[in-house]
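Reviewing the structure listed below.
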Amino acid sequence: MSKSNNAKVSTGIDWLSVWIYAVLVSLGILCIFMVEYKPGTNVLQTFLGGKANYSKQLMFAGISLILALFILLADSKLFTAFANLFYAFGVVLMLSTFVIGKAINGSKSWIPLGGGFNLQPVELCKIFTALALAKYLSRQETNFNRTKSQVIAIALSLFPLLVSTMQHELGLGLVYTSFFIVMYREGLPPTLMIIGASIGVLLIASIIVEPNILAISLTILALLMIYLLRKQMKRNRFLLRWIIGIWFFCVAFQRFAVPFIFNNVFECYQSTRIYNAFGGDYDCNLNKRVAKAGGKPKKKPDDYNVRQSKIAIGSGGILGRGFLKGTQTRGKYVPEQHTDFIFTSLGEAFGFVGCFIFLGLYLFFLFRIIRMAERQRSTFSRVYAYCVASILFFHIALNILMTIGLFPSPGITLPMISYGGSSLVTFTILIFILIRLDADRQMVLR
């Protein structure tokens, strides 16, 4: 490649973001190495052998590097031209798991590729959904102040969540709700966000409060609102109907909808984890999926993973036990410690200080992406950049909160850190498309 071509490729590239990405990927390989290293083994040989997970992650990093270079060499207009086609391909790929999918850990959301490698379409479809949402919101004919446009955008964002739930992969599906942050930035009424947050609070209340007591409390609250607003009701007849309607919805939601979801939609272990996270105790005898499978529900709460995770992080103290000196992670006490609970290896080895610096790096990266978003001339690039920031934020927040026991264990990865080819490749493509679009920020893409 000539010097002029090299200059053309590197022009406008946000190299700081590239270096942050490289540091995070390197930290991920290091963390996986810390939890899997066995004393006396030849490190160089195991890294090149391709059998250990840290060796495989190094190979995935190499594949990601090739993909990143390909994206940087691509024309930005490619992503706008094929955004809808990519989304359709992603949806078809997700639906194909019902036919050719492979079940792993109770989730039939994987497509076997051979050689022990598997593809998880729900991961990949995040990229396609971000592109499709950016494409739709950047159209000249899209007026996002209209209800129709808002419904279409919400449907585009949440359809993969529906399919993911049917695959019993609710954790990764929850990440698709992050697109509401993007839509709010683009003009979605805050009322919808408030309603969503209120339903979430009601769901938690339905778990921690006895149903009859909660129903009585809601009724008293409704009567109190009617009494306080009695004068306004004389001028506005619909106000009373609104209060009664909201009261009826809340009571019906907590008495019928919540039990139905936990007993019929969720798996027993999912319901148990959610209840445990908020101090409740779920009875798996009520779960219809357990009854259909003919299985015996666990008598003990399914919070072993989280308890071991908190022990490992707590044992790190302020400064940590040191590199390769962790007792909990090295002793394999934490399940899934190379994937969902990889943060425990950082907490135990480097302590509070190490975790603070690590999370600070993530936070700086997120602010960098937001800064990139706000300097775009194109609506497409801006919306896509906010999609990237929102997806990363949800992954980081849910994963960290999960490992310290403040959120139900959704089974989602820590970006660029957790082991997994699908996850690393997805985040690589997601980030480098943004870097490519930012390099052409003077262009107006639609």
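Provide a single number: the residues in the range 124-174 that are β-branched (V, I, T), at pLDDT below 90 and closer than 20 Å to I412 by Cβ.
Qualifying residue count for the region: 2.
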- Looking at (1) surrounded by 10 or more Cβ atoms within 10 Å (Cβ to Cβ); (2) in contact with a helix residue (DSSP H, G or I) (Cβ under 9 Å, 6 or more places away or on another chain); (3) modelled with pLDDT under 75, which is the only condition K8 fails? (2)
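Collect the residues in the range 245-258 that are under 25 Å from the mean Cα position of the chain (by Cα) and either at positive phi or touching a residue at least 12 places away in the same chain (Cβ under 8 Å) (or both), keeping them in residue-number order.
Scanning the range 245-258 gives a single hit, V258.
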- Task: Sort out which residues of the range 11-53 are of a type in the set (S, T, Y), over 24 Å from T329 (Cβ atoms) and either out of contact with any Phe, Trp or Tyr (no Cβ under 9 Å at 6 or more places or on another chain) or at pLDDT below 90 (or both), and write them in order of number.
- Result: T11
- Note on the structure: So, first residue under 14 Å from K126 (Cα atoms) in the range 167-180, second residue part of a helix (DSSP H, G or I) and acidic (D, E), Cβ within less than 9 Å, six or more apart or across chains; the pairs are L172/E123
- Note on the structure: Going through (1) under 22 Å from V25 (Cβ atoms); (2) in contact (Cβ under 8 Å) with a residue 24 or more places away in the chain; (3) within 24 Å of the chain's Cα centre (by Cα) one by one, F356 fails only at (2)
- Message: Let me confirm something: among S381, S422, S390, S345, which residue is buried (at least 19 other Cβ atoms within 10 Å of the Cβ), touching a strand residue (DSSP E or B) at 6+ places or on another chain (Cβ under 8 Å) and part of a helix (DSSP H, G or I)?
- Response: S422
- Qualifying residues in the range 232-263 (those that are under 30 Å from Y275 (Cα atoms) and at pLDDT below 85) - the one surrounded by the most Cβ atoms within 10 Å (Cβ to Cβ): F262
- Any idea which residue in the range 81-110 is modelled with the highest pLDDT, counting only those that are farther than 25 Å from Y21 by Cβ and surrounded by 20 or more Cβ atoms within 10 Å (Cβ to Cβ)? M94
- Residue by residue through the range 399-409, note down the ones that are on the phi < 0 side of the Ramachandran plot and surrounded by fewer than 23 Cβ atoms within 10 Å (Cβ to Cβ). I400, L401, I404, L406, F407
- Query: When the range 36-80 is examined, which residues are found to be aromatic (F, W, Y), surrounded by fewer than 19 Cβ atoms within 10 Å (Cβ to Cβ) and either in contact with a helix residue (DSSP H, G or I) (Cβ under 6 Å, 6 or more places away or on another chain) or part of a helix (DSSP H, G or I) (or both)?
  - Reply: F47, F70
- Note on the structure: Filtering the range 264-290 for residues that are without any contact (Cβ under 8 Å) to a residue 24 or more places away in the chain, under 18 Å from E210 (Cβ atoms) and surrounded by 15 or more Cβ atoms within 10 Å (Cβ to Cβ) leaves a count of 2
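Does A134 satisfy the criteria of being farther than 16 Å from F394 by Cβ and surrounded by fewer than 17 Cβ atoms within 10 Å (Cβ to Cβ)?
no
The values are calculated or read from the model by the stated rules, or taken from the named source; none is laboratory data. It should be emphasised that the depicted structure is a prediction, and the values quoted were computed from it without experimental measurement. As a convention, Cβ positions derive from the backbone with ideal geometry for all residues, glycine included, and neighbour counts pool all protein chains shown.
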